[in-house]
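The values are calculated or read from the model by the stated rules, or taken from the named source; none is laboratory data. Owing to the predicted nature of the structure, the values given are computational and were not obtained by experimental measurement. Backbone-built Cβ (ideal geometry, glycine too); neighbour counts: all protein chains shown.
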Amino acid sequence: MRITVVGSGNVGLVAGACFADLGHEVIVVDNNQQKLEALRNGEVPIHEKFLPELLSRHRGNRLIFSADLKDGARRSAAIFVAVGTPPTGRGEADLSYVESVAREISGGLEDYKVVIEKSTVPVYTSEWIRRIILRNGVDADSFDVASNPEFLREGTAVTDFLFPDRIVIGCDHDRAVEVLRKIYAPMTDGSYYRRTAAIPQPDRAAIPPPVIVTSTKSAELIKHASNAFLAMKISFINAVASVCESVGADVNQVVHGVGSDSRIGGRFLNPGIGYGGSCFPKDVKAFCAVARECGYDFGLLDEVMRINEDQRQRFLRKVRSALWTLRGKRLAVLGLAFKGGTDDIRESPALFVVQALLEEGSQVTAYDPAAMDRARETVGSSIQFANSAYEAAHGADALLILTEWEEFANLDLKRVRQELRYPIVIDGRNLYEPELMAAQGFTYYSVGRAAAHPDGVPSVLVKNGKKA
Ligand code: UGA
């Protein structure tokens, strides 16, 4: 089948490359000529596992890049809209890019086609897309609008796309559902997974994935509600971590006990310095705004956002209490990306912490395996960049772990201790066991667990349930 994907951002580019790997002819359309040129020349604009392989496998044959949206629409049976939906000042999703795509493709809808929302959009967006296309003179029989939300995470987007927990097809017309079923058939009939060149199956993937067919509005809500629920899980466990700190309990033990209940599940219960990225912060806000607009005050989500912001402040307070004053302190920072496995720094809690430390007069030397180029564009020369975790630690008053990169969980601790001026580690991602760190000679602070000291003096003494 020939497919056009509009937008070559994280979702559009990954979807385009994966559709090509499933065997479809794909046109990825973008209005940024420079980006198109780079993609045609073999550049890979985002840090995403398996994406370079897929692009080099299909570029120029099953996967082409074009600026001509109308032509792409004319030549395709399905048009996926994967353009950005950034937040407006009021927290709603800005749908102006979606609207201009709907207008432009109208000229290419001569015979029957399905227009599919892939970006995260509020409920009712499909209705608006339909209205815009009709207003531009297209016959109602010539198209349907469907919602096919994507649940891919940055860093593991390719495997998330090809091995999803579910495929959601939201559409109010059977003929459009059939087109989408055909597109995903190599996954749902299992034939893709039997190919020798298929991307390797990750742990936990249940193949073939089930298809969930819903109304268009339900599918739009499934995406917003899924992201909001995951963000809520993170804020919930961060709130529990704060209680653990007050009473001297260990949040990791609590997570183990709570997450072992199959009704709850242990995933997305890692405490830390709060969620960030281009999705959760924007989508929780947008979902709240949509609910408000529809007459429902979703106060629960306001609290999710409040806890998330507070989590960063709590971490900063921890740094202050570990180091007393921050002015003039040299701090080593591990991690600038909003999470491990990506070079994305949008809404990164790590960068928020770095900026706050700079404002308080600290000097920061940072290392991130992938995000330093992007961070440089934002923080410029206000911090120093190191080539390794050890170089960052050299001569520092303390080491701060802000992003859950796997590499940071496997440091040579003896070397870290030798490099640091003082053996203090403040871990915002709970990558180490407190006892192990104390045994290695560190004073170690983490999230939702008592601080550990080499001399064994506990930082939180509990007497009759109260901190002494
Ligand atoms: C998220 C969702 O997980 C995807 O399902 C969704 O498709 C995507 O948004 C989207 O809407 O496009 P992503 O933003 O790539 O994916 O990142 P996540 O892996 O979900 O992490 C988000 C943030 O939560 C990160 O800052 C991460 O460090 C934090 N996090 C995650 C925690 O603090 N604890 C956890 O247990 C999990």
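Within the range 149-190, the set of residues being more than 25 Å from the chain's Cα centre (by Cα), closer than 26 Å to THR125 by Cβ and in a loop (DSSP other than H, G, I, E, B) comprises CYS171, ASP172, HIS173.
Among the residues making up the range 337-356, those that are assigned to a loop (DSSP other than H, G, I, E, B) and either within 11 Å of the ligand (Cβ to nearest atom) or in contact with a Leu (Cβ under 6 Å, 6 or more places away or on another chain) (or both) are ALA337, PHE338, LYS339, GLY340, GLY341, THR342, ASP344, ILE345, ARG346, GLU347, SER348. Evaluate the following for TYR444: is it more than 23 Å from GLY277 (Cβ to Cβ), outside any loop (DSSP other than H, G, I, E, B) and either more than 26 Å from the chain's Cα centre (by Cα) or at pLDDT below 95 (or both)? Against the criterion (more than 23 Å from GLY277 (Cβ to Cβ), outside any loop (DSSP other than H, G, I, E, B) and either more than 26 Å from the chain's Cα centre (by Cα) or at pLDDT below 95 (or both)), TYR444 qualifies. Starting from residues that are within 16 Å of the ligand (Cβ to nearest atom) and modelled with pLDDT under 95, keep the ones in the range 96-117 and report whichever is surrounded by the most Cβ atoms within 10 Å (Cβ to Cβ). Of everything passing the filter in the range 96-117, VAL98 is surrounded by the most Cβ atoms within 10 Å (Cβ to Cβ). Being within 16 Å of the ligand (Cβ to nearest atom) and part of a strand (DSSP E or B) is a property that VAL333 has. Being surrounded by fewer than 17 Cβ atoms within 10 Å (Cβ to Cβ) and either not small (Gly, Ala, Ser) or not in a helix (DSSP H, G or I) (or both) is the filter; apply it to the range 295-309 and report the residue that is nearest to the ligand (Cβ to nearest atom). Applying the filter and picking the extreme gives GLU309. For GLY266, indicate whether it is surrounded by fewer than 20 Cβ atoms within 10 Å (Cβ to Cβ) and in a loop (DSSP other than H, G, I, E, B). It is true that GLY266 is surrounded by fewer than 20 Cβ atoms within 10 Å (Cβ to Cβ) and in a loop (DSSP other than H, G, I, E, B). Residue pairs whose Cβ atoms lie under 9 Å apart, separated by 6 or more positions or on different chains, with the first residue in the range 274-294 and in a loop (DSSP other than H, G, I, E, B) and the second within 6 Å of the ligand (Cβ to nearest atom) and among the β-branched types (Val, Ile, Thr), are GLY274/ILE234; TYR275/ILE234; CYS279/THR120. The condition (being surrounded by 15 or more Cβ atoms within 10 Å (Cβ to Cβ), touching a residue at least 24 places away in the same chain (Cβ under 8 Å) and in contact with a His (Cβ under 9 Å, 6 or more places away or on another chain)) is satisfied by just one residue among ALA157, ALA176, ALA146, ALA198: ALA146.
Of the helices (runs of 4 or more DSSP H) lying entirely inside the range 25-113, the ones with 1 or more residues being of a type outside the set (S, T, N, Q), touching a residue at least 40 places away in the same chain (Cβ under 8 Å) and touching a strand residue (DSSP E or B) at 6+ places or on another chain (Cβ under 6 Å) are found at 69-75, 96-105.
As a summary of the residue check, SER226 satisfies the conditions (1) surrounded by fewer than 19 Cβ atoms within 10 Å (Cβ to Cβ); (2) away from the ligand (no atom under 16 Å from the Cβ) except for the one numbered (2). For the range 191-218, the set of residues classified as in a loop (DSSP other than H, G, I, E, B), touching a Ser or Thr at 6+ places or on another chain (Cβ under 9 Å) and not polar (S, T, N, Q) consists of ILE199, PRO200, PRO202, ALA205, PRO208, PRO209, PRO210, listed by residue number.
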